[in-house]
1. log10 I(q)/I(0), Debye, Cα-only the range 338-440, no solvent, q = 0.15, 0.16 Å⁻¹?
2. Averaging over every viewing direction, what projected area does the convex hull of the Cα atoms of the range 284-325 cover, in nm²?
3. If you average over every viewing direction, what projected area does the convex hull of the Cα atoms of the range 236-309 give, in nm²?
4. Rg (Å, one decimal) plus Dmax (Å, integer) for the alpha carbons of the range 97-153?
5. Tell me the net charge near K45. Cut-off is 15 Å between Cβ atoms, K45 excluded, with +1 for each Lys or Arg and -1 for each Asp or Glu.
6. Among the listed pairs K266/K318; K266/K311; K109/K446; K109/K335; K109/K134, give every one whose C-alpha distance is greater than 18 Å.
7. Using alpha carbon centroids, what distance separates the range 235-296 and the range 42-70, in Å?
8. Magnitude of the Cβ-charge dipole of the chain, K/R +1 and D/E -1, about the Cα centre, nearest 20 debye?
Amino acid sequence: MTNINFRTAVTVAGVLVFAACSSEQFDIQNTNAPTVEATTGTPTKLTLARLAVGVAGGLLTEVGGELATWGAFGREDYNLLGNDPRTTTETIGGPLDPGGVGGGQWAGKYASIRTINIYLAGIDKAADMTAGEKAASKGYAQTIEAILLHRLLLRNGTLGIPVDVAAGPDEPPAAFLNQTNAYNRIVTMLDDARTNLSAGSATFPFAMPPGYAGFDTPASFLQFNRAYYAKVQIHRATFAGAGASAYQAALTALGQSYVDPAGNLKAGVYYAYSSASGEPANPVTEPISAVRFYIHHSIEDQAQLKGNGQKDDRFTRKTTTVSVRTQNNLTEHLKPIIYNVTGSLDPDLDADIPLLKNEELILLRAEARWFTGDKAGALTDINAVRTRSGGLGNTALTAGSTDAAFITELMYNRRYSLLFEQGTSWHDGRRFNRTADLPQDRAGDKIFPYMVIPAGECDARGLTVPCTPPTT
């Protein structure tokens, strides 16, 4: 199978969205970018293989914006460049603007979901694909769609999200599902994907894109599906109040995933980037001399000490001290170096960003174990991360510790293990009702419970901006 890069993937997605607007006089064949008609009419395996790469490429949509915005919401990082005052006003103090930053991290994901729905609609029409190849392809696309919907739900929280968005442009906008129902639908989608992957062929009928090393067959990709399912269930347990049953479902799924407290902590699936011409480059890497991204000083202040008196290895490994920078009464002196070249600290456009790594899975299992009664197992997992990733000693917690004390320990380790990767501090602060514990640097600043509905979505539903659409 010919390998197709992400530059082609972006082209494919763009043509799928806009092909219906073309007229016959511009009907020029592009073998790298199938139209909607070619995909849903009589597609071939090769046509769908090209689009499959575009499906994966859609996951990269808005990752940089999430790191910047969600990181600021959770006081992991600040953008102090100064060229856009909203990064030190709206993002941190509000109010969130439906037509600005507050309405972001939305449209790109739904465009990617549209591409996935078109791809799914074409699979059964491909006469040259076997039943196993079709099942594997469906499971792959359903998993990625579920991830995009989950990221949208993290953005929206109690506002809910539209899920049934496969309708045509002339039909009414999709209804919003409330947070509980949206989580239930995402769980079902991941289970449907599991069924298809289990019935899939030995290999995918397309070349898997970068970022999936070790998870590039239907059987191994199923491990990733189960890992992400566990994450969704744990968020469902807290955000949607599903409690012990969701935690137990997460534990079952983790047993079918790649969680391994003795294994490589970095093992997992990544958002893959490249410095090659025309390819998507890491969106947040920058020279140490740059004055855009800074790590919040509380990361240094709260870092625990190792036995030798030095700070948590996760802090020293991921940050470096630079000259003080002040913008709009926000002052920082730490730069993130997670995505810089080791040693030189030059920007690394090829640096991948973790989507779901083993280290996170261990901490997810610790949480699920604690809240289903296996407190000794939970502490074993916490200690594996503390000692292996942080260089710290074992936690002082015992099986007799309170739930509140465990949550404090869990949130500390998740904050440092997942720093500048996905906005973890914001998500955890909300799901454990600990947003008041996040640092505030100026009087009047806020920790937002969710982002706001984009103005265009309000307009499409005839609602006054800002709006809270009704949910079902």
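What follows draws every value from the coordinates through simple rules; no lab data is involved. Note that the coordinates shown come from a computational prediction; the quantities given were computed from them, not determined experimentally. Here Cβ is always computed from backbone atoms with ideal geometry, including for glycine, and neighbour counts include all displayed protein chains.
1. Each listed q corresponds, in turn, to -0.67, -0.75.
2. Approximately 3.4 nm², given one-decimal rounding.
3. The number I arrive at for the range 236-309 is 10.3 nm².
4. 14.8, 49
5. Values: positive: R50, K125, K134, K138; negative: D124, D128, E133.
Combined, the nearby Lys, Arg, Asp and Glu give +1.
6. Among K266/K318; K266/K311; K109/K446; K109/K335; K109/K134, the Cα-Cα distance tops 18 Å for K266/K311; K109/K446; K109/K335; K109/K134.
7. Between the Cα centre of the range 235-296 and that of the range 42-70, the gap is 17 Å.
8. Roughly 940 debye for the chain.
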